[in-house]
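The values are calculated or read from the model by the stated rules, or taken from the named source; none is laboratory data. Keep in mind that this is a model prediction, so the values were computed, not measured. So basically every Cβ, Gly included, is an ideal-geometry build from the backbone, and we count neighbours across all protein chains shown.
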Amino acid sequence: MNLIEITQKFPTELDCIIYAEKIRYGKKPKCAYCDSTNLSKRNKDYRYLCKDCNKSSSVTVGTIIQGTRVPLQTWFFAISVITDAKKGMSALQLQRNINVSYPTAFAMYHKLRVLMAEENKNVQELDGIVEMDEKYIGGKPRKLNHPHVNEENMRPRLLNKRAKKHAELEKDLYTLKKEGWDFTPQGKNRSLIQQNKKGRGTDNIPIVGIVQRDGNVVAEVMRHLTYEKLREMVKKYVDEDKSLLITDNYQGYKSMKKIIDHIKIDHSMMYSYKGVNSNTIESFWAIIERGIMGQYHSVTPKMLPNYVAEFVYKYNNRENNPKMFDDLVHNMLKPTSL
Ligand SMILES: [Zn+2]
């Protein structure tokens, strides 16, 4: 639903509340504390007094948005604006769109990502041809001089660009070191490239994704990639008996054959062979990279899973699922703690 439709359907705060009550309670409003339908007439501040437990409650009591002091209509606007922004948006943009303060916009966006993550749990098991891959936000340094590069498949322009960037970086670092700067690697595997990208904090954290061709995607932030965890992820999200798994030849996928039909494609040799490729998951990574690198400047490792959830949710609803708005409102009004 776009902003105009929201304004037409819910012109006032009361309209939003009545709609929310229907979603949360069904036909008759209930007491949020004891489920009683024995309520007083609606007060001026739209709350009810329960005649059984004598508590006053509103439709947001016990939900993720309780106590936020943001009108429901503003929440509805935020859902509309955020679901509409296919490539993601910044909290600053959201702030401008819905006319709240920056900290409020930031906090609202965070909560809405939690609701999207919740909705992602409803994705059905993937089957058919599924591609699995891992992605380091900010880029994992890659080996640049493969001995067996097949130029036709290696996308030479991309490689040259990367190689050039790498060379420039090395040159810069060399100059800086000569000037007396210290670039001692911290922790193992911290390359000079990563040193140079210091400050984002998410560089070393991999995201693992599985996508069904022409279907849905699932993705998880995984701090440590192990055979077990990768296999667990396949078991959790993929119907192993009805699927063929395609990965690159990263050693973490070594023992997948035990649980699922598995083909590996060696990216140092080629990217695609007779339909065996990981192009679908690559296009999802492109969305993630653009969204997280391009627009979010301070994604902390703790928040990364929620950012990923937003893009998973949007990818899986890319055909403009008309239920998006209702689904999120539904999740928003689920009681979380009472
Ligand atoms: Zn009650």
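A few comments on the model shown:
- Counting only strands (runs of 3 or more DSSP E) wholly contained in region 200-250, the ones carrying 1 or more residues that are of a type outside the set (D, E) and loosely packed, with under 14 Cβ neighbours inside 10 Å occupy 238-248.
- Taking residues in region 28-51 that are surrounded by fewer than 11 Cβ atoms within 10 Å (Cβ to Cβ), and partners anywhere that are modelled with pLDDT under 95, the pairs with Cβ atoms closer than 7 Å and at least 6 places apart or on different chains are K28/T37.
- Residue in region 278-286 that is among the aromatic types (F, W, Y) and either under 22 Å from K121 (Cα atoms) or modelled with pLDDT of 90 or more (or both) present: yes
- Per-region count, region 209-262, residues over 24 Å from N317 (Cβ atoms), among the basic types (K, R) and either within 19 Å of the chain's Cα centre (by Cα) or not assigned by TED's automatic domain parsing to the domain that holds E131 (or both): 1
- Candidate set from region 269-294 (those that are small (G, A, S) and in contact with a strand residue (DSSP E or B) (Cβ under 9 Å, 6 or more places away or on another chain)); member that is nearest to S90 (Cα to Cα): S283
- Any hit, region 79-89, residues being in the same structural domain as I17 (by TED's automatic domain parsing), within 16 Å of the ligand (Cβ to nearest atom), crowded, with 17+ Cβ neighbours inside 10 Å and assigned to a loop (DSSP other than H, G, I, E, B): no
- Residue list for region 105-135, restricted to those being of a type in the set (V, I, T) and touching a Ser or Thr at 6+ places or on another chain (Cβ under 8 Å): I129, V130
- Whichever residue in region 104-139 is surrounded by fewer than 18 Cβ atoms within 10 Å (Cβ to Cβ) and in a strand (DSSP E or B) and, among such residues, is nearest to the chain's Cα centre (by Cα): Y136
- Region 298-307, subset closer than 17 Å to A91 by Cβ and in a helix (DSSP H, G or I), residue modelled with the lowest pLDDT: L304
- The condition of being under 29 Å from T280 (Cβ atoms) and either at pLDDT below 90 or among the aromatic types (F, W, Y) (or both) holds for only one of L158, L176, L192, L244, that being L158.
- Scanning region 263-317 for residues that are polar (S, T, N, Q) and closer than 16 Å to D214 by Cα yields N277, S278, N279, T280, S283, N316, N317.
- Pairs with Cβ under 8 Å, 6+ apart, first in region 252-271 and closer than 15 Å to E282 by Cβ, second of a type in the set (A, V, I, L, M): I265/I246; I265/V276; M270/M154; Y271/M154; Y271/I265
- Counted residues, region 22-46 - those being in contact with a strand residue (DSSP E or B) (Cβ under 8 Å, 6 or more places away or on another chain), within 12 Å of the ligand (Cβ to nearest atom) and part of a loop (DSSP other than H, G, I, E, B): 9
- Checking each residue in region 56-78 for being at negative phi and part of a loop (DSSP other than H, G, I, E, B) picks out S58, V59, T60, V61, T63, I64, I65, Q66, T68, V70, P71.
- The single condition from (1) away from the ligand (no atom under 12 Å from the Cβ); (2) surrounded by 15 or more Cβ atoms within 10 Å (Cβ to Cβ); (3) not small (G, A, S) that K55 fails is (1).
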